[in-house]
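Report on the structure given below.
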Amino acid sequence: MSDFMRLTDYQHEKDRGLAAKILDNAAVKKALEIAAEYKLEDIYTYVYKSSCLRLTQENAPGIIALLRRAEKMLGMTQPVEIYMQHNYDEDIRICGFHSPFLLISAHYLKALDEKMLLGILVSRLAGICAGHHRVLFLLEILELAIGYMSIPILADLAIGGISNDWKRCRYYTYDRAFYLATGSREMTLRQLFVPVLDNEQIDRFCFECEQDGYEEQVHMFEKKEGLDDALEAANSILSNQAWTPQRYREIRAFAGW
Amino acid sequence: MQDYRYPNEEKALNIVLKNGVFKALLSAFQSVSASLTSIARVMDHCLVVTEYTQPRLHRLYRKAMKMLDIPYEVPLYLDEGYVLTAKTVGTDGDCVVVISSECLESCTDEQLMAVLGHELGHIAMGHVRNINLFGEIDMLLSQIPKVGMVAAVGVKALLLDWMRYADFTADRAAAIAAGSVMPMLQMIACSMGYEAGKMKLDVRGMLQDTCMLPEKIGLLGKAYIQQIQPTLEAPNGLWRIQELYRWSASWQCRKEWPQLHYSNAYLFELEGEKDAAAAYERGMKTLETDNERGLALLHVAALGNAKAMNELGMAYLLGYNGLTQSPQVGVAYLKRAAQLGNAQALFHLGMLCYTGMDGGKGQDRNMAMRLMRMAAGREERAKRFLDEQGEDRLRLSEGTVQALLDAYRAEFPHHSCLLLDAISKKIDNYARAFLYIPPDETICAAEVFFGKMIAVTDCAVYSSCEGEIPLCIPFGEMAKEQLAGKMFYEDREVSIGGRVVYRYVEEETARSMMPLLVLLKKQLTA
């Protein structure tokens, strides 16, 4: 039995399948060539690293200690850098391509206690282990290149729905990794809402209870969902934001609650 | 005019100005956006900052303008927002500064002055038009026919290059306005994500960070930078910190703005008041040459140590410790030390007032006596001076004070000021520190108004005065001077002998301290 979490323990099947499809797409392969030719990763890294605060042993020893612990839990041998930005609209992101790093917002960090932060760090590092940073970067380059290079627009449309779907379901992987790292049902469900609600409001859902306050909303969501394939396809193309009821459902199924 | 422009800025600007697309954009900007509509939008949803609406912010803004020698008025507005920056709206010659409420809530006075100074630096150097043009460039490009994507990306890249240098210049202005590089370094770090009080600001680490842009980046690379950078709150923040640090450590800064050079705590590996005091003691005991002592004094005074400021003031007055004699600078340092309550500085300043050598309007015995009284408890020479001059203060007896207050209470029972018995030890201590009231005077009444303070003791009326030692009008003077009130917008301004001491809302006369001052005046002239 391994001392650390393995990719197969937490990566969601849909995440794995869609990521492979995306990386296999001709337009995305073209984006990879463009990124290498124009050194776009270097530019990306330069812009972010020169504009955000690198967290170090000197200025944030507590966070770095948690990050190293999270890396150990996933059996990662290469340390990952973490940067901070002052942005109320963001939470935590995986950035980079060959040398991935994390970017967390100061506002989001304030809302997390130590255990929650450890879980979040494990979840995002799990995303790095699953190669999410590569997919995210290439999709960004593809979007950029559409406007300036001769990539057929149809190729973009073909990938549009898949990429949005993947951007939503990658969160299933994060949620699973969070749960495996913390072992806490309450914290795992709480972290779904931390970016959008304050602690007092989240407390009211009573996630430590067998039947929590969010279930009713999930039932309402399930009634509306799947009514029409075309509608679902249209939603899929339009939205790349993870849907909380779906995440809630997925993690409950995974954890067997 | 102070010359703090970043060297490459003008060169980069000349390249931009020669670009044909840019010239077309400029023309479109002037006719479409320039000033009226953007400023009108600001006036619609932002709060104008005045002495009454935001006294603290107004005071700091005026001080920053003074530090940067900006002679004309640029209106300041306050906007609801979470970003830790300010911005300038409009165009050169017709603009307003808008600062976010997050700055007002989270920043210290020095940091606020740095943020405001940054914008004033942009205004002083004529950057406003070009910066605001960049923000509207996509809209303006649509109005210019036959401008292809390549040309558009090209001109944006040139502007972004120039804007980086413009920010370096404005950061220097911010440091000059704040009187120290530290606040601006902190503000840049905060917009990058640094949280004061929760993290250590590792400037040394940031100075060692290197992250280079590839040498030749093509059109797509430039477009990529243009896409990502505007989404970040502090683009090029790391370079700005490194550049500001480098400039503060430079010979030019040391020569022209020594207080900035020596304010750089990272340069001298010192942080905080405790280290400054220790450094002062160490420096005076161990340094051998005059020049070294002079430099040490400059350095420690820049960190806010009052003892060093006093010593530095005297050094400039008399021209020792390797410093060129400069009475004006000397008096300024003595005033700063006196404002921090340093007894020796109060004594020295008192002597200068008495002899008319403080650069003011000649001999001012009243001010001298007052300064000596403030120092008397802690400085033997001040006590001896007072003994030699003789006590000539008009002091009301305890009975007279009580009768006065009783009459005021009886006629105006709903007054808003604090009277004798209601003044707790804490308030008494605060008022004495804030208004420089000598320990041998009893505070009879006190009130805070519009962010300032007034107190009436048994000897004088004290009132806070922006940026200077608080005003003191002894009763002897008050008996001879006129007590007058005149309307100032919707408020009534009260003056004694032409000096404004108090302000209140006209409808609240019965609650204000004005009737007490009237009763006091009657008592003194009776």
Completion exercise
Under Stokes-Einstein, chain A at 37 °C and 0.692 mPa s, with its Kirkwood radius over C-alpha pairs, diffuses with a coefficient in µm²/s of 169 µm²/s
Completion exercise
So, relative contact order of the stretch B:298-346 in percent, Cα under 8 Å, 6 or more apart, is 34 percent
Exercise for the section: Select from the stretch B:166-238 those GluC sites (Glu not before Pro) which occupy a DSSP coil region and have at most 11 other Cβ atoms within 10 Å, ordered by residue number. Expected result: B:GLU215
Exercise for the section: Please identify the longest segment of chain B free of exposed trypsin sites (Lys or Arg not before Pro), where exposed means a DSSP state other than H, G, I, E or B and no more than 11 other Cβ atoms within 10 Å. Expected result: B:362-526
Handout entry: Cα centre as origin, Lys/Arg/Asp/Glu Cβ charges: the protein assembly as shown dipole, Debye
Key = 1420 debye
Practice task
Towards the positive end of the charge dipole of chain B, with charges on Cβ (+1 Lys, Arg; -1 Asp, Glu), say which of B:GLY304, B:ILE241, B:SER100 has the farthest Cα.
Solution key: B:ILE241
Exercise for the section: Let me know the shape class of the stretch B:455-526, please: from the alpha-carbon gyration tensor, a ≥ b ≥ c as square roots of the eigenvalues, rounded when a/c is under 1.5, otherwise prolate if a/b is greater than b/c, or oblate. Expected result: oblate
Handout entry: Cut-off of 10 Å, at most 15 other beta carbons, DSSP loop: longest stretch of chain A lacking such trypsin sites (Lys or Arg not before Pro)
Key = A:7-203
Handout entry: Part-to-part distance (alpha-carbon centres) for the stretch B:90-105 and the stretch B:6-26, which is given in Å
Key = 24 Å
Handout entry: Percent of C-alpha pairs per 20 Å bin, the protein assembly as shown, short to long
Key = 13, 36, 32, 16, 3
Handout entry: Rg [Å, one decimal], Dmax [Å, integer] - the stretch B:121-236, C-alpha atoms
Key = 16.9, 53
Practice task
Kindly give Rg over Rh for chain B, based on alpha-carbon atoms, with the Kirkwood expression for the hydrodynamic radius.
Solution key: 1.04
Handout entry: Among the listed pairs B:LYS335/B:LYS425; B:LYS383/B:LYS426; B:LYS307/B:LYS425; A:LYS29/A:LYS167; A:LYS110/B:LYS200, those beyond 21 Å (Cα-Cα)
Key = B:LYS335/B:LYS425; B:LYS383/B:LYS426; B:LYS307/B:LYS425
Fill in the blank from the handout: With DSSP loop assignment and no more than 13 other C-beta atoms within 10 Å, the chymotrypsin sites (Phe, Trp or Tyr not before Pro) in the stretch A:1-108 are A:PHE4, A:TYR88
Handout entry: Residue-averaged beta-carbon neighbours from other chains (10 angstrom radius) around B:222-231
Key = 5
Exercise for the section: Provide, for q = 0.21 Å⁻¹, the log10 of I(q)/I(0) from a solvent-free Debye sum over equal Cα point scatterers in the stretch A:1-154. Expected result: -1.38
Handout entry: Positive-end extreme of charge dipole, the protein assembly as shown - chosen from B:VAL448, B:MET351, B:TYR504 (charges on Cβ)
Key = B:MET351
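Each reported figure results from applying straightforward, stated rules to the coordinates on display, with no laboratory input. Quantities reported herein were computed from a predicted structural model and do not represent experimental measurements. In this analysis, Cβ positions are derived from the backbone assuming ideal geometry, glycine residues included, and neighbour counts consider all displayed protein chains.
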